1. If you go through the range 22-40, how many residues are surrounded by 22 or more Cβ atoms within 10 Å (Cβ to Cβ) and either basic (K, R) or more than 7 Å from ligand 1 (Cβ to nearest atom) (or both)?
2. Determine, yes or no, whether Y79 is of a type in the set (F, W, Y) and in contact with a Lys or Arg (Cβ under 8 Å, 6 or more places away or on another chain).
3. Run down D186, D193 and say which single residue is touching a Phe, Trp or Tyr at 6+ places or on another chain (Cβ under 6 Å), open to solvent by 30 Å² or more (accessible area, probe 1.4 Å) and part of a helix (DSSP H, G or I).
4. Can you give me the number of residues within the range 115-129 that are at pLDDT 90 or above and of a type in the set (S, T, N, Q)?
5. Out of the residues in the range 1-38 that are part of a loop (DSSP other than H, G, I, E, B) and hydrophobic (A, V, I, L, M, F, W, C), which is nearest to ligand 2 (Cβ to nearest atom)?
6. Looking at T59, T13 in this structure, which one is of a type outside the set (K, R), more than 22 Å from D186 (Cβ to Cβ), in contact (Cβ under 8 Å) with a residue 12 or more places away in the chain and loosely packed, with under 13 Cβ neighbours inside 10 Å?
7. Being farther than 16 Å from V34 by Cα and in a loop (DSSP other than H, G, I, E, B) is the filter here; which residues of the range 162-179 pass it?
8. Looking at the structure I just gave you, is N41 out of contact with any helix residue (DSSP H, G or I) (no Cβ under 9 Å at 6 or more places or on another chain), more than 22 Å from Y159 (Cβ to Cβ) and within 11 Å of ligand 2 (Cβ to nearest atom)?
Amino acid sequence: MKITSAEFVKSSTSVKDCPEQVFPEYAFLGRSNVGKSSLINMLIARKNLAKTSGTPGKTRLLNHFLVNDTWYLCDLPGYGFAKISKSIREKWEQTIKNYLHHRENLLCAFVLIDIRHEALKNDLEFLSWMGMKGLPFAIVFTKADKLSRAKVQLQLAKYEKKLALQWEPLPPIYVSSSATGEGRDDILNLISDCNSNFNI
Ligand code: GTP
Ligand code: MG
């Protein structure tokens with residue numbers, strides 16, 4: 001899919017404030033600093049339309065972007081961010097879950113996981129929650145440029161083994177790098193396929 005336009009629409013504090021559900025939508029979620037905003041910029045080929053930062057906790061609202069005038073991307077705050085108070089962390093997590101639960105035009109939530117990390121409890125719990133709610137999702141491993149090819153394959157195999165304990169078949173899985181553009185075509189192809197089924 002060719003990206004011809006991408007614009008920031010609005011930031012919302014809750015699902016109630018989000019833009020009207022007139023277009024198909026894709027959300028990016030995962031732990032703070034995993035690379036959600038960077039992946040969005042990579043997909044839409046814009047340098048810093050979604051704000052990124054080396055410090056976790058940069059994205060604090062539900063940020064909508066309209067792409068090609070026909071579909072939305074939503075950049076979400078991270079979950080499991082240790083350096084904020086428990087009450088704020090719980091509020092963010094509730095905001096994310098409410099959004100996922102009530103956003104009917106959401107066709108796929110991309111759950112991002114840093115390829116360098118071992119399977120983490122709160123990622124696995126989040127995936128279970130998505131499954132329980134019957135929400136469509138795909139897993140995107142991020143920061144593949146930080147490991148050798150062999151190590152990427154090793155990490156992937158380890159993670160898939162863990163996921164297989166819970167999922168049969170496995171959800172769609174992508175390997176990405178916002179630094180090299182790896183994974184871009186495959187993720188855009190999935191979005192394009194979902195877009196063509198919207199409203200059918
Ligand atoms: P929060 O909004 O704080 O939850 O973080 P986020 O998940 O949106 O992460 P963000 O995109 O802001 O990226 C966090 C840091 O990781 C930044 O310093 C990015 O430059 C870096 N980063 C993100 N993706 C990649 C990647 O694919 N490769 C490399 N090398 N660095 C990346
Ligand atoms: Mg962010």
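The values are calculated or read from the model by the stated rules, or taken from the named source; none is laboratory data. The shown structure was predicted, so the numbers you read here are calculated from the model rather than taken from an experiment. Don't worry about glycine lacking a Cβ; one is built from the backbone with ideal geometry, like all the others, and counts go over all protein chains shown. Heads up: the accessible areas ignore ligands, DNA and RNA and are worked out on the full protein's heavy atoms, side chains in. Shrake-Rupley method; radii C 1.70, N 1.55, O 1.52, S 1.80 Å.
1. 8
2. yes
3. From the options D186, D193, the qualifying one is D186.
4. 1
5. Going through the range 1-38, the residues part of a loop (DSSP other than H, G, I, E, B) turn out to be 1-5, 13-14, 18-24, 32-35.
Subset that is hydrophobic (A, V, I, L, M, F, W, C): 1, 3, 18, 22-23, 34.
Numbers: M1: 23, I3: 19, C18: 17, V22: 25, F23: 21, V34: 9 Å.
Here the answer is V34.
6. From the options T59, T13, the qualifying one is T13.
7. Across the range 162-179, the qualifying residues are L165, Q166, W167, E168, P169, L170, P171, P172.
8. yes
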